[in-house]
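Asks: Quick one: this structure, given as structure tokens, is what I'll be asking you about.
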Amino acid sequence: MLKDKTVVLGVTGGIAAYKALELTSMLKKAGTDVKVIMTRAATEFVAPLSFQSLSQNPVAVDMFEEPKAWEIRHISLAKAADVLAVVPATANFIGKAANGIADDMLTTTVMASKAPLLIAPAMNTAMLENPATRENIDKLKTRGAEFVMPAEGRLACGDTGRGKLADIELIFWNIARLALKSKADLSGKKVLVTAGATREALDPVRFLTNHSSGKMGFAVARAAMLRGADVTLIAGAHTCPEVPGVNTINVSSALGMREAVMGAAESADIIITAAAVSDYRPAKVSESKIKKGEGGMSLELVRNPDILKELGEKYSGSKTIIGFAMETEEIIKNAADKCAEKRADFIVANSLTAEGAGFGGDTNVISIVKGDGTARDYPMMSKFEAANIILTEAAKL
Ligand code: PMT
């Protein structure tokens, strides 16, 4: 997902420094070139060799070590970075960065870099709440730095309170967002997302469903949350881990999804329906397990409500409404017809037959289609990248 991206990861001297090893590993797995800079104090907690092994790159610590290639190291690192992340960041580092002090490899690189800066502090609660630290954080924020603020928990000093390094996965996804050049532009917005497959019961044992894994909708929910939105995710059947920071409501059938969506839609600004909703359900749900007979069996099906259409009828023009369409032929035409019929702002069309698209996988190939038939095609990309494109288009509306 982050192939061709370079993340310069600064590690400062706190007990949470060991958690940056897991982050290095996650970034490497996502295809990132990770270049680690450690402060001297950080090397007291974790050996540079550990970061070197996981990142498969030399680790920079000393400003004045003999250069291995002719380059001014802090300048070359500063230029190489797509994102500069400091994890964990001590009060000392934050103080220096806020006040233009550049007295080691990490702070000089931060000063010399124009890359987006992400800081994940970890420290004792009193240090975090100290007016000096708070002012320094505010100063850095006004200059464009982003923070993933610490969580509450038991701290290394034995105290319990705020100061524990934020969840590594949350830090990873924020780095991914910045590497993909998405801003936290949805703050104050309420985003409602649907994901996954509905299940239409035949009896207590069996149901009709489809192949949706929920990955596309969960990626939209995660990306919206990382961009600052207040996100509600209505999830049918899925295979995804819960997204921290997203209010997830699990449902089963199309009727259940409709009820949850209509309940949450009133307060939403943006609604994105990525769920694969069954158009039909069995006319009767047997209370006991249906026994097999001699011959074949016919099922009577009745229409389910079209949730997206109902949303379009109620909220078109007052909320941003985005649908999805999984098509097998005449993709753009069918998606444009759906967009017009359901009064959506646009439809994200994906094909069942294109390689790397559709159900189950981590990638998708999308086209953004409007009701007038205009369309923009995108190449294969991760579902998280596709989610960010969808949100950028939604934010323009
Ligand atoms: O979950 P993944 O494995 O990651 O796969 C992602 C996906 C392929 C499911 C997703 O990208 C996608 O295309 N979702 C919509 C699939 C679909 O069933 O489309 P549709 O053409 O049937 O429906 C069009 C739109 O109307 C969709 O936004 C759908 O949520 C909505 N709809 C459909 C039927 C219905 N009764 N109510 C609805 O609201």
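The values are calculated or read from the model by the stated rules, or taken from the named source; none is laboratory data. Since we're looking at a predicted model, the values are computed, not measured. We place every Cβ from the backbone using ideal geometry, glycine too, and count neighbours over all the protein chains shown. When the accessible area is computed, the model is the full protein with side chains, heavy atoms only, and any ligands, DNA or RNA have been set aside. Shrake-Rupley method; radii C 1.70, N 1.55, O 1.52, S 1.80 Å.
Asks: Hey, can you tell me all the residues within the stretch 379-394 that are touching a helix residue (DSSP H, G or I) at 6+ places or on another chain (Cβ under 6 Å) and either within 14 Å of the ligand (Cβ to nearest atom) or at positive phi (or both)?
Replies: 383, 384, 387, listed by residue number.
Asks: Just to be sure, is residue 48 within 26 Å of the chain's Cα centre (by Cα) and assigned by TED's automatic domain parsing to the domain that holds residue 132?
Replies: When the stated conditions are applied, residue 48 does not pass them.
Asks: Hey, can you tell me all the residues within the stretch 296-325 that are within 6 Å of the ligand (Cβ to nearest atom) and either aliphatic (A, V, I, L, M) or within 23 Å of the chain's Cα centre (by Cα) (or both)?
Replies: Within the stretch 296-325, 307, 308, 323, 324, 325 qualify.
Asks: Of all strands (runs of 3 or more DSSP E) completely enclosed by the stretch 192-286, which ones contain at least 3 residues that are surrounded by fewer than 23 Cβ atoms within 10 Å (Cβ to Cβ) and within 12 Å of the ligand (Cβ to nearest atom)?
Replies: Result: empty, no element qualifies.
Asks: So, one more: Can you name the number of the only condition in (1) assigned by TED's automatic domain parsing to the domain that holds residue 360; (2) touching a residue at least 60 places away in the same chain (Cβ under 8 Å) that residue 290 fails?
Replies: Single failed check for residue 290: (1).
Asks: Within the stretch 326-344, restricting attention to residues that are away from the ligand (no atom under 12 Å from the Cβ) and open to solvent by 20 Å² or more (accessible area, probe 1.4 Å), which residue is nearest to the chain's Cα centre (by Cα)?
Replies: Residue satisfying both the conditions and the ranking: 332.
Asks: May I ask you to list the residues in the stretch 132-183 that are surrounded by fewer than 15 Cβ atoms within 10 Å (Cβ to Cβ), outside any helix (DSSP H, G or I) and among the small types (Gly, Ala, Ser)?
Replies: Matches in the stretch 132-183: 144, 151, 153, 156, 158.
Asks: Follow-up question, since we're still on this one. Enumerate the pairs (first residue in the stretch 340-366 and among the charged types (D, E, K, R); second residue anywhere and assigned to a loop (DSSP other than H, G, I, E, B) and surrounded by fewer than 18 Cβ atoms within 10 Å (Cβ to Cβ)) with beta-carbon separation below 6 Å, excluding pairs fewer than 6 apart on the same chain, so at least 6 apart or on different chains.
Replies: Correct list of pairs: 345/397.
Asks: Test each condition in (1) part of a helix (DSSP H, G or I); (2) free of Cβ contacts under 8 Å to residues at least 12 places away in the same chain; (3) open to solvent by less than 50 Å² (accessible area, probe 1.4 Å) for residue 49 and report the one that comes out false.
Replies: Going through (1) part of a helix (DSSP H, G or I); (2) free of Cβ contacts under 8 Å to residues at least 12 places away in the same chain; (3) open to solvent by less than 50 Å² (accessible area, probe 1.4 Å) one by one, residue 49 breaks only (3).
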